[in-house]
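Below: the structure, in structure tokens.
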Amino acid sequence: DAGITQSPRHKVTETGTPVTLRCHQTENHRYMYWYRQDPGHGLRLIHYSYGVKDTDKGEVSDGYSVSRSKTEDFLLTLESATSSQTSVYFCAISLGQGLSGANVLTFGAGSRLTVL
Amino acid sequence: QQQVKQSPQSLIVQKGGISIINCAYENTAFDYFPWYQQFPGKGPALLIAIRPDVSEKKEGRFTISFNKSAKQFSLHIMDSQPGDSATYFCAARVNKFYFGSGTKLNVKP
């Protein structure tokens with residue numbers, strides 16, 4: 001999927017445990033995003049990053065934190081996983097956000113997380 | 001509150017037929033309207049997109065119709081094929097992207 005690698009692809013964990021999902025890109029894109037996909041809700045933005053150490057909240061950020069120490073890596077952490085965080089998580093990248101041709105979101109293959 | 005409302009939730013079309021998926025929005029600040037196609041086990045991929053100053057955009061069998069006054073836009077898939085069976089998401093952007101809830105299309109042979 002266009003130079004985006006998500007890991008792990010599948011994870012089963014128990015309520016209350018910490019979980020970290022990793023997104024790695026080889027495109028050198030400035031913007032990186034974490035979305036969750038749930039039936040009936042489409043894709044909802046959790047957090048995004050507009051540069052190293054620069055992050056901001058999305059629509060559904062409660063219970064999640066992110067970090068970006070390198071251009072190529074964007075980590076999503078669930079400090080204490082809950083069953084409501086069972087979902088498929090997608091990382092996406094884009095060159096920019098302005099009115100230009102570089103406004104396309106490119107998605108990774110997803111990470112399926114099950115919290116028991 | 002969902003920024004972009006998409007319908008129908010699921011759609012069954014015979015091979016060769018026309019598939020139509022509709023989306024509506026309220027925020028007039030949206031400046032870019034893409035459609036994404038997602039196959040099972042894969043991430044969404046950009047299919048076609050339109051800006052609000054254009055009423056229609058066509059790429060092969062895929063057409064976006066855009067009605068700015070009604071704040072609606074739709075995806076038309078002409079001559080639908082079984083290979084088009086996938087989930088389709090509309091989206092709208094103002095700084096960030098807001099996605100519709102998705103339409104699962106099944107094209108029967």
Sorted list, accessible surface of protein heavy atoms, 1.4 Å probe, largest first, for B:TYR88, A:TYR48 is A:TYR48, B:TYR88
Across A:GLY16, A:GLY40, A:GLY63, the residue with the highest GNM fluctuation in chain A (Cα network, 10 Å cutoff) is A:GLY40
So, with points 7 Å from each Cα along the Cβ direction, the B:MET78-B:ASN95 label distance in nm works out to 4.0 nm
Taking alpha-carbon centroids only, segment A:12-40 lies from segment B:24-91 a number of Å equal to 25 Å
Which of B:GLY41, B:GLY17, B:GLY60 fluctuates most in a GNM of chain B (C-alpha springs under 10 Å)? That residue is B:GLY41
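Can you sort B:THR103, A:THR55 by 1.4 Å-probe accessible area, starting with the largest?
A:THR55, B:THR103
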Answer in debye to the nearest 20: the dipole magnitude of segment A:4-115 about its Cα centre, from +1 Lys/Arg and -1 Asp/Glu charges placed on Cβ, is 180 debye
Violations at 29 Å Cα threshold for listed pairs B:LYS68/B:LYS96; A:LYS11/B:LYS108; B:LYS15/B:LYS57; A:LYS57/B:LYS5; A:LYS11/A:LYS70 -> A:LYS11/B:LYS108
Checking B:PRO82, B:PRO40, B:PRO52 against a Gaussian network model of chain B (alpha-carbon springs below 10 Å), the top fluctuating residue turns out to be B:PRO40
Residue-ordered couplings for segment A:49-60, obtained by feeding phi - 60° into the Karplus form 6.51 cos²θ - 1.76 cosθ + 1.60 and rounding to whole Hz (Gly and Pro as x), are 10, 10, x, 4, 6, 10, 9, 8, 7, x, 5, 10
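The values are calculated or read from the model by the stated rules, or taken from the named source; none is laboratory data. In this text, all values refer to a predicted model and were calculated from it rather than measured experimentally. So basically every Cβ, Gly included, is an ideal-geometry build from the backbone, and we count neighbours across all protein chains shown. Surface accessibility is based on the protein's heavy atoms, side chains included, excluding ligands, DNA and RNA. Shrake-Rupley method; radii C 1.70, N 1.55, O 1.52, S 1.80 Å.
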